[in-house]
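To keep things clear, I will list the structure first and then write my remarks on it.
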Amino acid sequence: MKEKNKTEKLVEVYVDLPNHWAIDGETMWGLPLGNDIYVLKSIPCYSYDLNRGDCVVASPEPDGSIRNIRKVHGRSGNRTLRVLFAEKVPAKDMAKFIASFKGYGAESVQVNERFFSVDIPPTGDYDSLYLLLEEWETKGDIQYETCEAREEGSFDDLPARGETG
């Protein structure tokens, strides 16, 4: 376990995701810079258009209980991909595949047994990793998604078809 810098005091920031396919909101760690601006230190696992290292504006609720992410203040240049392994893929093959991401400069976090969120910094090889994921998806071993905004100005997924909101 990595020891956190003793001077780095992280706080929770939250993004509401009412249209998301898996969850209704996501909490991440943010480093406060002042004036309601935070640097995201977590790899986003469900949010769209947010990446590790981005500076966000997160205003506290009136009762001070939670800091809601309102907008991106500055981009880090990092990019996020998400990978879901098919049931047919053995755990040892998943582990080997995920370990190979380091060769592209990427780091991942395991969300659940078969679901991973992957951070690629600007110095990483996003294009080659993307092509590798395409190859595995074509074989039926994974499903993956990129994490650009689904709707401008929102960190949420699009509403389900037929829904308005």
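The values are calculated or read from the model by the stated rules, or taken from the named source; none is laboratory data. Quick caveat, the model's predicted, so the values are computed rather than measured. Ideal geometry is used to build each Cβ from the backbone, glycine not excepted, and the neighbour counts take in all protein chains shown.
Within region 88-124, how many residues turn out to be surrounded by fewer than 16 Cβ atoms within 10 Å (Cβ to Cβ) and either of a type in the set (S, T, N, Q) or on the phi > 0 side of the Ramachandran plot (or both)?
Final tally of qualifying residues: 4.
Give the residues of region 34-63 that are assigned to a strand (DSSP E or B) and of a type outside the set (A, V, I, L, M), sorted by residue number.
Matches in region 34-63: Gly34, Tyr38, Cys55, Ser59, Pro60.
Out of (1) touching a residue at least 60 places away in the same chain (Cβ under 8 Å); (2) outside the structural domain of Trp136 (by TED's automatic domain parsing), the odd one out for Pro62 is which?
Only one criterion is unmet by Pro62, namely (1).
Taking only region 130-152 into account, find how many residues are part of a strand (DSSP E or B) and crowded, with 18+ Cβ neighbours inside 10 Å.
Summing the residues that are part of a strand (DSSP E or B) and crowded, with 18+ Cβ neighbours inside 10 Å in region 130-152 gives 2.
Exactly one of these conditions fails for Val57: (1) touching a residue at least 24 places away in the same chain (Cβ under 8 Å); (2) buried (at least 16 other Cβ atoms within 10 Å of the Cβ). Give me its number.
(1)
For the structure I just gave you, tell me whether Asp49 is surrounded by 19 or more Cβ atoms within 10 Å (Cβ to Cβ), at pLDDT 95 or above and not hydrophobic (A, V, I, L, M, F, W, C).
yes
Can you pull out the residues in region 74-87 that are of a type outside the set (S, T, N, Q) and buried (at least 17 other Cβ atoms within 10 Å of the Cβ)?
Of everything in region 74-87, those that are of a type outside the set (S, T, N, Q) and buried (at least 17 other Cβ atoms within 10 Å of the Cβ) turn out to be Arg79, Leu81, Arg82, Val83, Phe85.
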